Amino acid sequence: MKTILIAATFSLMTSILCTPMVIVYFRRRGFGQEIRLDGPQTHLIKRGTPTMGGVAIIGSTVVGYAAAHIVRAVRGDGGVQASGVLALFLMVGLGAVGFLDDLIKLRRQRSLGLRARAKFLGQLLVAVVFGVLALMFKNRFGLTPASTHVSYVRDIKVLGIGAIGFVILAYLIISATSNAVNLTDGLDGLAAGAAAMVFGAFTLITFLQSRNQCLDIRNPAAGCYDVRDPLDLAIVAASAMAACFGFLWWNAAPAKIFMGDTGSLALGGLMAGLAILTRTELLLIALGGLYAAITVSSIIQTGWFKFTRIRTGTGRRVFRMAPLHHHFELGGWEQITIIVRFWILAGLSVAFGMGLFYADFIG
């Protein structure tokens, strides 16, 4: 527990203290956000606000993780573990894809960066490398960071999908989650605040798993968890949670900096990675209920528009605008009202997901 607190403390302080430096640097370089012209007109005043702030979140998470392991090394408690490094690789890798997307927007002075194919290709490359590596690095108990079974709060033994099936599933989870967070990042602090809650849940989940590991595979204790490095994953999750809180200090309305695709893809990737590595893949749907709802709203909007255009010649919309938060914004809700209410929904989703995990834990 002390190691987890050390990681969170270093990450939080780094995020709070270093994000203003990132703001100043990006302002001097002219790295200002471009705004969609077809979006809510109230967003036009945000044009020029520094973006790519996700580098502060990523950097702070890595600092928190490194600080915790330096302390562990001094105590002689061992070094970094494969699961934690893989989770950070996924975060940094997708952050790099998002950074390239943001950089193109800035260079070309437009609100669209990488083409959809290029972005999906970048996500595919990072996800496949992660998926392949996650099935390697067995520990002394024969556990790899990930497994070839679909999981809920543990592996579902009857749903074995093999190595190739796992890599495909990993890509789908990583791509879906990173894009869901990207869609949610449309109002000041909305995505960062919700992400902090999800990472807080993963911190608790991995801590409980670390206290209840299946140390004897031949005769496992009832209710134990086959997770390779739960404590290392707890350090990563706590660092990410604290980094989001620190960034939120500057990202809260009115935002001094935006996380950009650099941050949203990185956070979504890390959530997916934690779900895969903790064997809680299906539980992620509950924990990230807000992200799921916002993504579904965009799918419904696009699908219905295309369907009605084919049937009637004129595309119709279900919502005033997608994603969902823009629907309420165009309906007259104040941005801060939408953000707080959506944070409440995110908190309820996390609480529901934790309730499902804990119900299995005590059962």
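Under 8 Å between Cβ atoms, at least 6 apart or on separate chains: pull out the pairs that start in segment 182-203 with a residue that is without any contact (Cβ under 8 Å) to a residue 60 or more places away in the chain and within 15 Å of residue 262 (Cβ to Cβ) and end on any residue that is acidic (Asp, Glu) and assigned to a loop (DSSP other than H, G, I, E, B). Pairs found: none.
Determine whether residue 24 is touching a helix residue (DSSP H, G or I) at 6+ places or on another chain (Cβ under 7 Å), within 28 Å of residue 106 (Cβ to Cβ) and either at pLDDT 90 or above or in a helix (DSSP H, G or I) (or both).
no
State all residues of segment 340-350 that are in contact (Cβ under 8 Å) with a residue 24 or more places away in the chain and either surrounded by fewer than 19 Cβ atoms within 10 Å (Cβ to Cβ) or within 20 Å of residue 251 (Cβ to Cβ) (or both); if no residue qualifies, say none. Let's see the steps before the verdict.
Initially, segment 340-350 is screened for residues in contact (Cβ under 8 Å) with a residue 24 or more places away in the chain, giving 342-343, 345-350.
342, 343, 345, 346, 347, 348, 350, listed by residue number.
May I ask you to verify whether residue 231 is buried (at least 23 other Cβ atoms within 10 Å of the Cβ), under 14 Å from the mean Cα position of the chain (by Cα), in a helix (DSSP H, G or I) and not polar (S, T, N, Q)? Before you say what the answer is, go through the steps one by one.
Numbers: buried (at least 23 other Cβ atoms within 10 Å of the Cβ): yes; under 14 Å from the mean Cα position of the chain (by Cα): no; in a helix (DSSP H, G or I): yes; not polar (S, T, N, Q): yes.
In short, no.
Residues in segment 140-153 that are modelled with pLDDT of 90 or more and either open to solvent by 60 Å² or more (accessible area, probe 1.4 Å) or touching a strand residue (DSSP E or B) at 6+ places or on another chain (Cβ under 8 Å) (or both): 147, 148, 149, 150, 152. Somewhere in segment 235-242, is a residue outside any helix (DSSP H, G or I), out of contact with any Asp or Glu (no Cβ under 8 Å at 6 or more places or on another chain) and buried (at least 24 other Cβ atoms within 10 Å of the Cβ)? Checking segment 235-242: not a single residue is outside any helix (DSSP H, G or I), out of contact with any Asp or Glu (no Cβ under 8 Å at 6 or more places or on another chain) and buried (at least 24 other Cβ atoms within 10 Å of the Cβ). Only one of the numbered conditions (1) open to solvent by 10 Å² or more (accessible area, probe 1.4 Å); (2) among the aliphatic types (A, V, I, L, M); (3) not in a helix (DSSP H, G or I) is violated by residue 248, and that is (3).
In segment 1-30, the residues that are more than 10 Å from residue 247 (Cα to Cα) form Cβ pairs under 8 Å with partners that are of a type in the set (D, E, K, R), at six or more places apart or across chains, as follows: 3/72; 3/77; 23/256. Among the numbered conditions (1) under 28 Å from residue 16 (Cβ atoms); (2) under 15 Å from the mean Cα position of the chain (by Cα), the only one that residue 126 does not meet is (1). Please go through segment 252-278 and give me each residue that is farther than 13 Å from residue 202 by Cβ, of a type in the set (A, V, I, L, M, F, W, C) and open to solvent by less than 10 Å² (accessible area, probe 1.4 Å), ordered by number. Listed by number, the residues that qualify are 257, 259, 265, 266.
Looking across segment 318-339, the residues that are part of a helix (DSSP H, G or I), of a type in the set (A, V, I, L, M, F, W, C) and open to solvent by less than 60 Å² (accessible area, probe 1.4 Å) come down to 324, 328, 338, 339.
Which helices (runs of 4 or more DSSP H) sit wholly inside segment 48-139 and have at least 2 residues that are among the hydroxyl-bearing types (Ser, Thr, Tyr), crowded, with 20+ Cβ neighbours inside 10 Å and modelled with pLDDT of 85 or more? Walk me through how you get there before you give the answer.
Working: elements: 54-75, 82-108, 116-134.
The helices (runs of 4 or more DSSP H) meeting that bar are 54-75.
In this structure, is residue 308 surrounded by fewer than 16 Cβ atoms within 10 Å (Cβ to Cβ), assigned to a helix (DSSP H, G or I) and polar (S, T, N, Q)?
Numbers: surrounded by fewer than 16 Cβ atoms within 10 Å (Cβ to Cβ): yes; assigned to a helix (DSSP H, G or I): yes; polar (S, T, N, Q): yes.
Yes, satisfied.
Of these, 353, 288, which one is open to solvent by less than 20 Å² (accessible area, probe 1.4 Å), in contact (Cβ under 8 Å) with a residue 40 or more places away in the chain and over 18 Å from residue 183 (Cβ atoms)? Being open to solvent by less than 20 Å² (accessible area, probe 1.4 Å), in contact (Cβ under 8 Å) with a residue 40 or more places away in the chain and over 18 Å from residue 183 (Cβ atoms) holds for just one of 353, 288, which is 353. Among residues of segment 131-151 that are in contact (Cβ under 8 Å) with a residue 60 or more places away in the chain, those with a Cβ under 9 angstrom from a residue that is acidic (Asp, Glu) and exposed (fewer than 14 other Cβ atoms within 10 Å of the Cβ), sequence gap 6+ or separate chain, pair up as 141/216.
The values are calculated or read from the model by the stated rules, or taken from the named source; none is laboratory data. Please read all numbers here as calculations on a predicted model, not as lab measurements. Counting neighbours? That spans all protein chains shown, and the Cβs are built from the backbone with ideal geometry, glycine included. Surface accessibility is based on the protein's heavy atoms, side chains included, excluding ligands, DNA and RNA. Shrake-Rupley method; radii C 1.70, N 1.55, O 1.52, S 1.80 Å.
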